[in-house]
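For reference, the structure is listed below as C-alpha cells.
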Amino acid sequence: MLSADRDALVCDLAETYHVLDMWALPVPLLATLASGLRDDSRIKMRMAGVKHIPAVFVLPQIRDQIACVFAKKGEKPRLLTEIMTRAEKKETRAARTFRSGADFDKAWKAAVRSLNNG
C-alpha cells in the first residue's frame with residue numbers, strides 16, 4: 001500500500017483511526033489497520049483501479065438510461081457517465097518514425113518554423 005500511494009494511506013489512517021504518525025506503530029499493527037480500511041477508502045480504491053465510488057456512479061447511470069428512453073429517434077442524449085469518465089481517457093497518438101537523423105532534423109526544423117510563424 002505504501003508503494004501504491006503513501007499519501008492516500010496516510011489520509012485514510014488519519015481519517016479512520018486518527019493515526020497521525022503511522023511510523024510510530026508496530027508494523028503488524030499498521031498492517032492490521034491498513035487491511036481493515038473500508039473498501040471505499042482512498043488507498044483501496046487506488047489499488048483496485050477504481051476512480052469513482054460505485055454508489056455515486058449509480059445515479060448518473062439511472063439518469064442516462066432514462067434519457068435514452070425518452071430521447072428522440074436517432075438523437076443521442078448527453079450522457080453523464082461519459083462526462084464523468086471523459087477526463088480519465090487518455091489520448092493516444094501514433095508514433096512518428098524517421099528513416100534517418102537527417103529526416104528527423106528536417107521535420108524538427110519544419111515544426112519549429114510552423115510554431116514561429118503560426
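The values are calculated or read from the model by the stated rules, or taken from the named source; none is laboratory data. Since the model is a prediction, treat every value here as computed from it, not as a measurement. Note: ideal-geometry Cβ built from the backbone for every residue, glycine included; neighbour counts use all protein chains shown. Side chains included, ligands, DNA and RNA excluded: accessible areas come from the protein's heavy atoms. Shrake-Rupley method; radii C 1.70, N 1.55, O 1.52, S 1.80 Å.
Within the stretch 68-81, which residues are surrounded by 11 or more Cβ atoms within 10 Å (Cβ to Cβ), without any contact (Cβ under 8 Å) to a residue 12 or more places away in the chain and under 22 Å from Val56 (Cα atoms)? Matches in the stretch 68-81: Cys68 only.
Is it true that Ala34 is out of contact with any Cys (no Cβ under 7 Å at 6 or more places or on another chain) and without any contact (Cβ under 8 Å) to a residue 24 or more places away in the chain?
Numbers: out of contact with any Cys (no Cβ under 7 Å at 6 or more places or on another chain): yes; without any contact (Cβ under 8 Å) to a residue 24 or more places away in the chain: no.
No; evaluated as a whole, the condition is false for this residue.
Of note, Val19 does not satisfy the criterion of being of a type in the set (A, V, I, L, M) and under 25 Å from Leu80 (Cα atoms). Among the residues of the stretch 82-94, just one is exposed (fewer than 10 other Cβ atoms within 10 Å of the Cβ) and either assigned to a helix (DSSP H, G or I) or modelled with pLDDT of 80 or more (or both), namely Arg86.
Test Ala107 against the stated conditions and say whether it is of a type in the set (Gly, Ala, Ser), part of a helix (DSSP H, G or I), modelled with pLDDT under 80 and open to solvent by less than 100 Å² (accessible area, probe 1.4 Å).
Values: of a type in the set (Gly, Ala, Ser): yes; part of a helix (DSSP H, G or I): yes; modelled with pLDDT under 80: no; open to solvent by less than 100 Å² (accessible area, probe 1.4 Å): yes.
So Ala107 does not fit the description; no.
Filtering the stretch 16-34 to residues that are of a type in the set (A, V, I, L, M) and open to solvent by 70 Å² or more (accessible area, probe 1.4 Å) leaves Leu20, Ala24, Val27, Leu29. Looking across the stretch 1-15, the residues that are part of a helix (DSSP H, G or I) and open to solvent by 60 Å² or more (accessible area, probe 1.4 Å) come down to Leu2, Ser3, Arg6, Asp7, Cys11, Glu15. For the stretch 35-52, the tally of residues that are part of a loop (DSSP other than H, G, I, E, B), open to solvent by 50 Å² or more (accessible area, probe 1.4 Å) and hydrophobic (A, V, I, L, M, F, W, C) stands at 1. Among the residues that make up the stretch 25-41, is at least one of them under 20 Å from the mean Cα position of the chain (by Cα), under 30 Å from Leu2 (Cα atoms) and polar (S, T, N, Q)? The answer is yes; a qualifying residue exists.
Go through the residues of the stretch 55-72 one by one and say whether even a single one is farther than 22 Å from Met84 by Cα and not in a helix (DSSP H, G or I). Looking for residues that are farther than 22 Å from Met84 by Cα and not in a helix (DSSP H, G or I), one finds at least one in the stretch 55-72, hence yes.
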